[in-house]
Structures are given as C-alpha cells and as structure tokens.
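This report concerns only the one structure given below.
Only the coordinates and a few stated rules stand behind these numbers; no lab work does. None of the values given here were measured: they were computed from a predicted structure. Cβ sites come from the backbone with ideal geometry, for glycine too, and all protein chains shown count toward neighbours.
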Amino acid sequence: MGGLGVVLLGTGVTAFGIAPLAPDASDIPVHQVIEALNVPTQTQANIDALSATQQPDAALVLYRTETTRRDDTAQSLLQRLGVPDSQAQTFLRNDPLARQLLQAGRTGRPVSVEASASNELLRLTARWLSSDERGFTRLVVERSEDGKLHSRLEQGALTASTKLASGVIRSSLFAATDEAGIPDPIAIQLAEMFSSDIDFRRDLRQGDRFSVVFESLEADGEALRTGRVLSAEFVNDGKEYQSVWFEEPGHKGGYYGFDGQSSRRYYLSSPLEFSRVSSGYGMRFHPISGTRKPHMGVDYAAPTGTPVRTIGDGVVEFAGVQRGYGNVIYVRHRNNQMTVYAHLSRIGVRKGQRVDQGDFIGAVGSTGASTGPHLHLEFRDNGVHVDPLSIARKSESVPVPPALRQRFDAVAQLQRLQLDAAASIRQASAE
Ligand SMILES: [Zn+2]
C-alpha cells in the first residue's frame, strides 16, 4: 500500500503528436537547449568519505543538488551542498549577481554544484522564475583557471511537460494529493473545477479517487512551477465526473465534459477559494443565534484575513458598515439577484464598481454581530432569500462550437488516454 498513488509520471507531450494546449505553455518560445548536466545525488556520508581520502587527483568532481530554504545564508546553503568553501561563501555574499540567489524570501530554487575532492566549489548553477513567470533566470558561478570565481546570469525559456497523477481519498483531499506528489496549486484547481458538483469541504468519502493530467513548467528539466490542469476525473461516492481543458486561438478556453458540453456557472459554489487552510474548516450553523431561528444565509468559518471573492459578475451596490452585518458588501447581479458578504475585516471595493466572478472583494473578519471570524453569505432573488448552495449548482450548458468539434474530439481522446494511464498506474501500485 505504501506505493499507492505515489507515482508521478512525466510523459513527453510530443510523444502523442500534439502540441501543449494551455496558452502559457504554447506561447512560450522554446529556443534554448542547454547541455544536460548529469547530477547524481550524493549523500553527505559519501561526500565525507570521498573528501576524507584527500585525493590530490583534481579530476575527481563531486555533484550535489539542493533547493534554497527560507532563512538560507551562503554558509547554510553551501554546507547542505557539502561544500564548506569559505571563498565561495564570501563570493555568494558579496558578488552582485550571485547575491540575487539568496535575496530574502527566495525559497525553493534548485541549486546544483560541482566541487573538487577538496571541497572547493568549481561550479554552481541555480535557476528561478523571472518576475513575469514566463521564463527563468539561470545563475552560473564558475571557477576559472586562475582560481577566481566568476558569475553570470542567463535568461532561458520554460518548457512545458505533461504529468499524470492519481490518488485515493483516505482522509482529506490534500492528504491524498500530498501522497501522490501533486503540488498544491494543482490540488486547488482540481477542487475548483469540480466544485459545482462536489463540495470538497463536506462531500468527500473515503475511497473516492481521482486522476489528473497537468502541465509542469520546467527550466533545464527542473520543475519551477505548475501550469494548468489539462484534464481530470473524480469519482465521488461512486459517481464519476470528468473535465477536459479546451482552447483554440480566438476562442476563450474552458473546461468541458468529454461530451463537449461545458457547464458555465453563473455563480461560484463558494465565496472562499478552496485551500489547505479553508479545507480544515467545516460549514456550520450560525455561531451567534444558538437557537435555530431562520438564518438567511450560509456561514463559512475561516481565519480572519482569508480572501473573499464575488461568486458572480456584477456591480457593487453597497460597501460599508451596517448594524449586525459589520463591514458588508452587496453585489448586484443580472436578473435583480444580489449577494451579500458580511462580517468582513476588510473591504476592497467601492460602491458602483464592476466586479467579475472570482474577483477578490474583501477579507473574512468578525465585525458586527459575530462571535468569531466567519463569512456570512446571503443570496437574494428579487429581494427573496434563497439558499446560495442551490443557486451555485445552476449553470448554463455551452457546447463546443461545431466548427471546433473535430479538434475537440482529438483533444478529448488524447486526454482520455492519459487519464486512463494515470488510473492504471494507481491500480498497478495498489496490486
Ligand atoms: Zn450568518
């Protein structure tokens, strides 16, 4: 059981004869091929053993990779890399280019080093995302013949690769995605794309399972960030749900069922984005009125400061303070429908402002008649209170345009194959 769902398989997109679909991958020009560095991971014990022999043989080169951590200094990073080279430490601290590697908060950057048998740094290579996240910066520090260290920065293009993963729910979605090696942004996309059908805070069952195909954007083969979920399948309480991303130049991309129908939702199912933090909070009855007097909304318990988003397109009707509600925002939608977001700690919009579905408008708080941080959400249809959860499940069905149908079918077929491959990996490892 230990290996269950742990397989994360990279497959070359080109192997299936189809170009990457997501815009952030397809419009990234792939123009740079650099020498692939073979970097076998050395254990500290290996390095110690090798260096202990004090071989004068200069040809012996040690390789090691690490990622930067919060609070890393030149010294702590080089120590983890097994290169206690004080000259290199000083260089990383003082060289204007090399210093960029460890600027505050720069965590998770892959760093590889080559060192001599006497633990002298020969070469250090590090990569990180450029500020627009479309490319990456490569820092190279090298020792020249005269023994001095030199630095240079290079710009590279990210390449997209497709990943397959699969898992089974035993406790929570994040426990399952962690086990399957799926990054958090992909887990959140997964929860969001099925959120009109499955409430991930309440509906998950032990034994629910999922497969997902997603993009990983890489620098020289190192994953620097995740891209889009290309397709996914979720089996919840025995019911199957599937979704596939489809986008063509000149058409807005979106998720469709394998039947080519997209369900565009007028309203999001939740004003809070699904996250590691919010998933631990259940929905509950109104925390103020201990009695069951009619409560005209849904309460979402969440820490103060959790971003709140408008569940539909609209215009801000009111943003300010009201008795009972505390800081409150009213958003007017089409057909004289209105949503109300109460007890906020912060208001981020003004009266009359246009907002689009999913825009962040404020933050969870405990203002007004509230005993603890939570968001109170109401939905009013022509002034009449309606259950927001039932509204969220209403959507309009939009088919793939007939002219694109053939193209869609090809994409869907490929994604179907990949999802099946992901599921079969899970089954194989379970057996
Ligand atoms: Zn409430």
### Query
At what distance in nm do the modelled label points of residue 385 and residue 97 sit from each other, each positioned 7 Å from its Cα along Cα→Cβ?
6.5
### Inter-probe distance in nm under a simple model that places probes 7 Å from Cα toward Cβ, at residue 76 and residue 178
2.2
### Task
Hand me the GluC sites (Glu not before Pro) from the stretch 142-217 located in a DSSP loop with no more than 10 other Cβ atoms within 10 Å, in residue order please.
145
### J(HN,Hα) series, the stretch 62-72, from Karplus relation 6.51 cos²θ - 1.76 cosθ + 1.60, nearest Hz, glycine and proline x
9, 10, 7, 10, 7, 10, 6, 10, 4, 6, 5
### Query
Under a 5 Å amide H to amide H cut-off, with H placed in plane at 1.01 Å, what residues pair with residue 264 once short-range neighbours are removed?
396, 398
### Task
Pick out, in residue order, every one of the chymotrypsin sites (Phe, Trp or Tyr not before Pro) in the stretch 317-361 that is DSSP loop and has at most 13 other C-beta atoms within 10 Å; say none if there are none.
none
### Task
Return the FRET efficiency for the residue pair residue 397, residue 332: r is the Cβ-Cβ distance, R0 is 25 Å, and the value is rounded to the nearest 0.05.
0.50
### Query
Where in the stretch 357-386 does the label zone of residue 323 land, with the point 7 angstrom along Cα→C-beta and an amide N cut-off under 17 Å?
368-370
### Message
Could you work out how much longer the chain between residue 106 and residue 346 gets when fully extended? Use 0.36 nm per residue separation minus the Cα distance between them, nm to one decimal.
### Response
83.5 nm
### Summary
Checking the stretch 139-189 for trypsin sites (Lys or Arg not before Pro) in a loop per DSSP with at most 11 other beta-carbon atoms within 10 Å yields 148
## Note on the structure
Applying the gyration tensor rule to the Cα atoms of the stretch 115-154 (axes a ≥ b ≥ c; rounded if a/c under 1.5, else prolate if a/b exceeds b/c, else oblate), the class is prolate
